[in-house]
Amino acid sequence: MRARRLSVIAATAAAVALPVLAAPAATAAPVAHTVAASDPCDREGPWEIHASAVRIHSKPSSKSAVVGLLYKSHKWSHGKTHGYWVAVKDKTTGVSGWASTSVVYPTVYTCLH
């Protein structure tokens, strides 16, 4: 009786395992995703100040002299980046220098395709 029970269990296990082992491996074809030029995910958003005020440094370094403060309410423009720094110009006061990209950075758009 015990031998018969073992053979039934073994036959059942083989019947279940055989289709799994014999099936070809599934391969996922790479999904080609192209971003159109008009895609809203393919653009840089406006740069914003994410603090009430930001120090403007003379050079792209926290050890350089602070030449002014850029307040969130001021009109300002940005220029090139250098590492973790962005060139800024406070249009309200006329002060130019460098601000840290930890508090001055563009809006990031997240899209799921």
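The mean accessible area for residues of the range 61-113, using a 1.4 Å probe and ignoring ligands and nucleic acids, is 69 Å² per residue. The Lys63 and Thr107 beta-carbon pair, evaluated with R₀ = 35 Å, returns a calculated FRET efficiency of approximately 0.75. Taking the average, over residues, of other Cβ atoms within 10 Å as the packing measure, peptides 99-109, 73-83 rank 99-109, 73-83 from highest down. Computed from the C-beta positions of Tyr71 and Arg43 and an R0 of 25 Å, the FRET efficiency is 0.40 to the nearest 0.05.
The values are calculated or read from the model by the stated rules, or taken from the named source; none is laboratory data. Keep in mind the model is a prediction, meaning the values are calculated, not measured. Note that each Cβ is placed from the backbone with ideal geometry, even for glycine, and that neighbours are counted across all protein chains shown. To get the accessible areas, we keep the full protein, side chains included, count just its heavy atoms, and leave off ligands, DNA and RNA. Shrake-Rupley method; radii C 1.70, N 1.55, O 1.52, S 1.80 Å.
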